[in-house]
1. Might you let me know whether the stretch 22-42 holds any residue that is out of contact with any strand residue (DSSP E or B) (no Cβ under 8 Å at 6 or more places or on another chain) and among the hydrophobic types (A, V, I, L, M, F, W, C)?
2. Kindly indicate whether residue 18 is out of contact with any Cys (no Cβ under 8 Å at 6 or more places or on another chain), over 13 Å from residue 5 (Cα atoms) and among the hydroxyl-bearing types (Ser, Thr, Tyr).
3. Give just the number: which of (1) surrounded by 14 or more Cβ atoms within 10 Å (Cβ to Cβ); (2) in contact with a helix residue (DSSP H, G or I) (Cβ under 8 Å, 6 or more places away or on another chain); (3) farther than 14 Å from residue 55 by Cα does residue 32 not satisfy?
4. Hey, does the stretch 10-17 have a residue that's small (Gly, Ala, Ser) and at negative phi?
5. Within the stretch 45-56, can one find any residue that is of a type in the set (A, V, I, L, M), touching a helix residue (DSSP H, G or I) at 6+ places or on another chain (Cβ under 7 Å) and either surrounded by 12 or more Cβ atoms within 10 Å (Cβ to Cβ) or within 18 Å of residue 1 (Cα to Cα) (or both)?
6. Can you list residue pairs whose Cβ atoms sit under 7 Å apart, with the first residue in the stretch 18-30 being more than 18 Å from residue 42 (Cβ to Cβ) and the second being of a type in the set (Gly, Ala, Ser)? Count only pairs 6 or more apart in sequence or on different chains.
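Throughout, read-outs are computed from the coordinates displayed, never taken from laboratory work. None of the values given here were measured: they were computed from a predicted structure. Cβ coordinates were reconstructed from backbone atoms using ideal geometry, including for glycine residues, and neighbour counts include every protein chain displayed.
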Amino acid sequence: MKACVDKDACIGCGLCESICPEVFQLNDEGISEVIVDEIPQDLIESAKEAEAQCPTGAITIE
C-alpha cells in the first residue's frame, strides 16, 4: 500500500506524524510528506488511522 498527502490540503498540524512517524513527517515548509515508498505491513493500521484522523482529509492510503 502507498500513502499520499495532498500538499494543498495539508495544514501542517502534525497529527499524522504523531500517529505514524515511520510513514509521515513534516517537511521544512511545515507540510506533511510521505517518507516511505511502500507502507510496511506492520504499519498499515497506524497509517490508516492517520488518514482517518487528518482534519482536512489530505491523506490517502491506497
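1. Checking the stretch 22-42: not a single residue is out of contact with any strand residue (DSSP E or B) (no Cβ under 8 Å at 6 or more places or on another chain) and among the hydrophobic types (A, V, I, L, M, F, W, C).
2. For residue 18, the condition - out of contact with any Cys (no Cβ under 8 Å at 6 or more places or on another chain), over 13 Å from residue 5 (Cα atoms) and among the hydroxyl-bearing types (Ser, Thr, Tyr) - is met.
3. Residue 32 satisfies all of (1) surrounded by 14 or more Cβ atoms within 10 Å (Cβ to Cβ); (2) in contact with a helix residue (DSSP H, G or I) (Cβ under 8 Å, 6 or more places away or on another chain); (3) farther than 14 Å from residue 55 by Cα except (3).
4. No.
5. Within the stretch 45-56, one or more residues are of a type in the set (A, V, I, L, M), touching a helix residue (DSSP H, G or I) at 6+ places or on another chain (Cβ under 7 Å) and either surrounded by 12 or more Cβ atoms within 10 Å (Cβ to Cβ) or within 18 Å of residue 1 (Cα to Cα) (or both).
6. Here the result reads 26/12; 26/14; 26/32; 30/12, each pair linking the stretch 18-30 to a residue that is of a type in the set (Gly, Ala, Ser).
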